[in-house]
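The values are calculated or read from the model by the stated rules, or taken from the named source; none is laboratory data. It should be emphasised that the depicted structure is a prediction, and the values quoted were computed from it without experimental measurement. Positions of Cβ are backbone-derived with ideal geometry, glycine not excepted, and every protein chain shown enters the neighbour counts.
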Amino acid sequence: MTVVGIDLGSRAVKIALFKDEKLQTKFVFDTFEFYKNYCKYSDGKICVDFGRLELDKVDCVVSTGYGRNNINIDGAEVILELKAHTYGVLWQTKLENFTLLDVGGQDSKVILVQNKRISDMILNDKCAASCGRYLENMAKVIGMSVEEIKNFSQNPLELSSTCAVFAESELIGKVSEGYTSDTLAASINYSLFRRIKPLIERFQSEKLVVTGGVASNNGFLDFIKRETSFKEVVVPPDPQINGAIGCCAYALAKVNKIIMF
């Protein structure tokens, strides 16, 4: 059985293909480029062109993500992001109890999972300073990329502004005061951590699983390890495509009649 999972994110589109219950192929596209190159208009709706993706022999398609209600994928089942990301972690880590943190391009999600079931959750899609886009914008201010700032966590400054727009102005002020790029990069990571810390601390468990692009940010992870009480911080093998993997895992669970929630 061949299953495709699609996570239509605000900044990136992630695709996973399972064959015989194993992850076989994965893609990550810039969202704009994906819509431009792999979608087409048909009967007034936007449809994914699976032929261009060379995924035309598919038994089942499940989609989720920021754009799940804007893109018409012929024959696909649409599921909520919370469900997709939880299934993704269950499949990737085999854990049964954990707190899940997923930092997306325009929102952040924290999910408490107990005995393989969602027991509580928080979705923060109102504050731009607690999502991945914040890191992108702040990194540009100091002339670095998100990839470059991810390894810095030493001696951060505390940026007091709670608004993403004002935080950029505050950071520019720190640049003019002569602080090094290393310190400013650490400060950016710490600023994101401070905004997310109250969310993850509401759902205490022994293990915190981190997914999304921020899962590769070692500086951000260092702050979690140093300043929270989680005994272990777990990053799945494929954190950025976790939602797409979860779509596939959901489809397989449904076929095997082991739906968990």
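Table for the structure above
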{"read-out": "Options Pro198, Pro156: the member that is part of a helix (DSSP H, G or I) and of a type outside the set (Gly, Ala, Ser)", "value": "Pro198"}
{"read-out": "Residues located in region 13-24, provided they are under 30 Å from Asn137 (Cβ atoms) and either in contact with an Asp or Glu (Cβ under 6 Å, 6 or more places away or on another chain) or not in a strand (DSSP E or B) (or both)", "value": "Lys14"}
{"read-out": "Residue match in region 156-174 (condition: within 26 Å of Ala84 (Cα to Cα) and in contact with a Leu (Cβ under 8 Å, 6 or more places away or on another chain))", "value": "no"}
{"read-out": "Qualifying residue in region 134-151 (condition: free of Cβ contacts under 8 Å to residues at least 24 places away in the same chain, closer than 21 Å to Gln106 by Cβ and basic (Lys, Arg))", "value": "yes"}
{"read-out": "When residues of region 163-195 are limited to those that are part of a loop (DSSP other than H, G, I, E, B) and not small (Gly, Ala, Ser), the one surrounded by the fewest Cβ atoms within 10 Å (Cβ to Cβ)", "value": "Glu177"}
{"read-out": "Close pairs (6 angstrom Cβ cut-off, 6 or more residues apart or separate chains): closer than 12 Å to Ala215 by Cα in region 102-113, part of a strand (DSSP E or B) and charged (D, E, K, R) anywhere", "value": "Asp102/Lys109"}
{"read-out": "Index of the failed condition, Pro198 passing every other in (1) farther than 27 Å from Asp7 by Cβ; (2) of a type outside the set (A, V, I, L, M); (3) without any contact (Cβ under 8 Å) to a residue 60 or more places away in the chain", "value": "(1)"}
{"read-out": "Within region 136-172, considering residues that are at pLDDT 90 or above and polar (S, T, N, Q), the one farthest from Val214 (Cα to Cα)", "value": "Asn155"}
{"read-out": "Cross-chain or 6+ apart pairs with Cβ under 6 Å, region 170-183 first and free of Cβ contacts under 8 Å to residues at least 40 places away in the same chain and farther than 14 Å from Glu158 by Cα, then surrounded by 16 or more Cβ atoms within 10 Å (Cβ to Cβ) and β-branched (Val, Ile, Thr)", "value": "Ser181/Ile142"}
{"read-out": "Residue within region 229-241 that is touching a residue at least 12 places away in the same chain (Cβ under 8 Å), part of a helix (DSSP H, G or I) and of a type in the set (Lys, Arg) present", "value": "no"}
